[in-house]
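Reviewing the structure listed below.
The values are calculated or read from the model by the stated rules, or taken from the named source; none is laboratory data. Computed from a predicted model, the values in this text were never measured in an experiment. Heads up, the Cβs are rebuilt from the backbone with ideal geometry, glycines too, and the neighbour counts pull from every protein chain shown. The area values use the complete protein model at the heavy-atom level, side chains included, leaving out ligands, DNA and RNA. Shrake-Rupley method; radii C 1.70, N 1.55, O 1.52, S 1.80 Å.
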Amino acid sequence: MNSPQEDALTFPFADPPQSGRAVEVAPGVLWIRLALPFRLDHVNAWALDGGEEGWTLVDTGLDDPRTRQAWEELLEGGLAGRPVHRIIATHFHPDHIGLAGWLTNRTGAGFATSLTEWLYASLLSAGTSPALDAATERFYERAGLDSDTRGALLARRNAYRKAVPHVPVVMSRLRAGDRLTVGGADWQVLIGAGHTAEPVCLYSEAAGLLIPGDQLLPSISPNISVWPSEPDADPLADYLGSFAQLRALPEETLVLPSHGLPFRGLRARLDELGAHHEERLADVLEFCSTGRTAVEVAAMLFRPDLDTHQMVFAMGETIAHLNHLWRDGRLTRRLREDGVDVYRRAG
Ligand SMILES: [Zn+2]
């Protein structure tokens, strides 16, 4: 999480809608805000007016009683009078896909996302296995976490299943370049990378709107993490590589992000996010002038008093930066006798 200089960004809507309300931010595009029980206390969802065909909803919020209640109010209030035609999840994270199963049942709508996001959600929603638990334990052991902390992290292993108990079993696959017509508007599917493997972004050139999910956020840096099931991955390269297609969009595009306020200034924001990661990479490289473990690097990058939930993301993000430097040869990685990886600046 970084503190951006937001001078280059403009925010045409200062006040987010209240829970259970929808506010029009462009013709036929409604902004919905749903509460989250975390430090990041909200997620945005979007309703696209498809006329008689009905609403296309983009993201659903977490599956909890408060969010279900907010949707009930919306379906009886701001969205009343038309059916919900389609529900799109930008990616598999619980605050985005959490209520997709419930909402498709509740409304009869179809469900759409990319194949990889749907498979990930389905896999994680099915719960863990002894083999995955062992791989997770080994992953955090190699990172240098002590056994108590590893135990606390492993105790969370079914957190996803609790937050996302029902993933729709039937879906429409969205691919890069697909076009969706919603009402009179044409929306193009862009596929991002890095925050998750194949997140869906929606872009309407005619309307000058981008719905980027978590790929592009105005005031926090999207989490870029390595996870135990793919320990050598380089999601940071994927994330930074995904900027080019967004850079090609007009600067006056109104960005409708999943967290924070709608904004203009997408290239300025991409510059800030790129600079944030470059700075962090330089800090990590410098810090690894002497050999360091991932836990030591995380303690340098993040606050020391992280709770377990934050620790998962801090470790994942730290290892993403270490893997990026290791895979391009700027760091070496050596497995110490005690089973912990040590990273050292190359050369
Ligand atoms: Zn996310």
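Residues are listed down the side, and each one gets a yes or a no for (1) surrounded by fewer than 21 Cβ atoms within 10 Å (Cβ to Cβ); (2) touching a helix residue (DSSP H, G or I) at 6+ places or on another chain (Cβ under 6 Å):
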site: Ser258; (1), (2): no, no
site: Ala268; (1), (2): yes, yes
site: His276; (1), (2): yes, no
site: Val284; (1), (2): no, yes
> Taking only pairs six or more apart or across chains, which ones have beta-carbon atoms under 6 Å, a first residue in region 113-140 that is over 22 Å from Ile319 (Cβ atoms), and a second residue that is modelled with pLDDT under 95 and part of a helix (DSSP H, G or I)?
Replying inline: Ser125/Arg161; Gly127/Arg161
> Applying the selection to region 233-256, what residues are open to solvent by 40 Å² or more (accessible area, probe 1.4 Å) and within 15 Å of the ligand (Cβ to nearest atom)?
Replying inline: Asp238
> Among the residues of region 69-98 satisfying the criterion of being away from the ligand (no atom under 15 Å from the Cβ) and part of a loop (DSSP other than H, G, I, E, B), which is surrounded by the fewest Cβ atoms within 10 Å (Cβ to Cβ)?
Replying inline: Gly81
> Taking only pairs six or more apart or across chains, which ones have beta-carbon atoms under 6 Å, a first residue in region 85-97 that is of a type in the set (Val, Ile, Thr), and a second residue that is modelled with pLDDT of 95 or more and near the ligand (Cβ under 8 Å from one of its atoms)?
Replying inline: Thr90/His96; Thr90/Pro199; Thr90/Gly213
>> For a quick check of your reading: which strands (runs of 3 or more DSSP E) sit entirely within region 115-232 and have at least 1 residues that are open to solvent by less than 50 Å² (accessible area, probe 1.4 Å) and within 15 Å of the ligand (Cβ to nearest atom)?
In response: 185-191, 200-204, 209-211
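Search region 4-38 for residues being in a loop (DSSP other than H, G, I, E, B) and free of Cβ contacts under 8 Å to residues at least 40 places away in the same chain, and hand back the single one that is farthest from Arg82 (Cα to Cα). Show your work before the answer.
The first filter runs over region 4-38 and keeps only residues in a loop (DSSP other than H, G, I, E, B), leaving 4-5, 9, 11-21, 27-28, 36-38.
With the extra rule that they be free of Cβ contacts under 8 Å to residues at least 40 places away in the same chain, the set shrinks to 15, 17-18, 37.
Working: Asp15: 26, Pro17: 20, Gln18: 21, Pro37: 30 Å.
Result: Pro37.
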> Based on what the data block shows, is Arg333 open to solvent by 30 Å² or more (accessible area, probe 1.4 Å) and in contact (Cβ under 8 Å) with a residue 40 or more places away in the chain?
Replying inline: no
